[in-house]
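Each remark here refers to the structure printed beneath this line.
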Amino acid sequence: MTASPASSPAVSTDSSHALHSPVIAWFDEHARDLPWRRPEAGPWGVMVSEFMLQQTPVSRVLPVYEQWLARWPRPADLAAEAPGEAVRAWGRLGYPRRALRLHGAAVAITDRHGGDVPREHGQLLALPGIGEYTAAAVASFAYGQRHAVLDTNVRRVLARTATGVEYPPNATTAAERRLARALLPEDEGTAARWAAASMELGALVCTAKSPDCARCPVAGLCAWRLAGKPPHEGPPRRGQTYAGTDRQVRGKLLAVLREAVGAVPQSVLDTVWDEPVQRARALDGLVSDGLVEPLDGGFYRLPQTLPQPDPHARTQPRAQTPGHPQV
């Protein structure tokens, strides 16, 4: 019977330093030269990259990231523009609510922190659109702090090396968070380096479908490999479909609105998808999400004002299970 991710780790947390040095040394030699890792990126560049990289591969993020930072090099620059401009510049990265959330975070940073991305984890977590993962990632990657940064790549590396299973659960568990914290190096700078290195290892070597154990610096310590690479025993892991879904219809509607100079009539939007019920549902969803503003006379446009929070609404949960492909 294979161990479950909630069971005791096969790699003792007392000897976890054996993982740190080889993984960090591998990272020092093999890390990709990505713009958000360069010193000139600064905390704002790191934050922008973290929003963009969730569920989107590096190759698609790179051109949009460069254009974004050229246009909005500081949070205040983005905050000064309408949220619809963030949605427009987001292009085809997918999951465009991230653009609204990033714009909302820029406004809050400008209003509350003088335009500087805050250093403290609690202050980052208090920003709109920032969950536990993003707060930890920005604090670690931008400010060199000691936090457990759990994206899909890190979770997979820990599941295999420490717990002996092929894949982590579909959603991040309390047991995974405890394990990640227990495996953190004590030294703050080393912990930040470990966070980046373990993420890169999962992106380039310990991949989901084709792990390259021959290139892995900790293959000799990997509990999953030493156990004979037992196959995944949990629920089947299914990829997300796109063709024919409401997501595809939403994307087509937004593409028309992004290209438009002004408001777009309903008749133009009606041409993007033949099935009227699904098309109407997708448009209603975009309006509900604050990505599209309806105007009088059956016209629509990208949002010009920030949505007003509902004072009676409950605070959204801060935990995130980001897909952060980094490939």
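Here segment 246-301 is treated with +1 on each Lys and Arg Cβ and -1 on each Asp and Glu Cβ, and its dipole about the Cα centre works out to around 160 debye. Hull volume per residue, based on the alpha-carbon atoms of segment 73-191 and their convex hull, is 120 Å³.
The His17 and Thr207 beta-carbon pair, evaluated with R₀ = 30 Å, returns a calculated FRET efficiency of approximately 0.75.
In the chain, the calculated helix contribution to ellipticity at 222 nm averages -14000 deg cm²/dmol per residue, counting -39,500 (n - 2.57) for every DSSP H run with n ≥ 4. A 1.4 Å probe run over segment 35-141, with the rest of the protein chains in place, finds 38 Å² accessible per residue.
A convex hull fitted to the Cα coordinates of segment 35-141 yields 88 cubic angstrom per residue. Of the residues Ala142, Ala182, Ala214, the one that moves most in a GNM of the chain with alpha-carbon contacts below 10 Å is Ala214. With Cβ to Cβ distances under 14 Å as the rule, what net charge do the other residues near Thr271 carry (K, R +1; D, E -1)? Computed value for this residue: -2.
Here each label is just a point 7 Å from Cα along the line to Cβ, and for Arg281 and Gln266 those points are 1.9 nm apart. Normalised by the number of residues in the chain, the mean separation of alpha-carbon contacts (under 8 Å, six or more apart) gives a relative contact order of 26 percent.
Rounded to the nearest 0.05, the FRET efficiency derived from the C-beta distance between Leu34 and Arg71 at R0 = 30 Å is 0.95.
Between the Cα long axis of helix 42-53 and the first principal axis of the chain there is an angle of about 80°, rounded to the nearest 10. A 1.4 Å probe run over segment 246-301, with the rest of the protein chains in place, finds 52 Å² accessible per residue.
Counting only protein heavy atoms and a probe of 1.4 Å, the accessible surface of segment 144-248 is 52% carbon and sulfur.
In loop segments of segment 91-182 as defined by DSSP, the GluC sites (Glu not before Pro) with at most 15 further C-beta atoms inside 10 Å of their C-beta are Glu120. The packing ranking of peptides 242-250, 157-165, 123-131, 107-115, highest mean first, is 157-165, 123-131, 107-115, 242-250, where packing means the average number of other beta carbon atoms within 10 angstrom of each residue.
Pairs of Cα atoms in the chain fall into 10 Å distance bins, from 0 up to the last occupied one, in shares of 5, 24, 30, 23, 13, 4, 0 percent.
The values are calculated or read from the model by the stated rules, or taken from the named source; none is laboratory data. Note that the structure is a prediction, hence the values are computed from the model and not measured. Cβ: placed from backbone, ideal geometry, glycine included. Neighbour counts: every protein chain shown. Accessible surface is based on the protein model in full, side chains and every heavy atom, while ligands, DNA and RNA are left aside. Shrake-Rupley method; radii C 1.70, N 1.55, O 1.52, S 1.80 Å.
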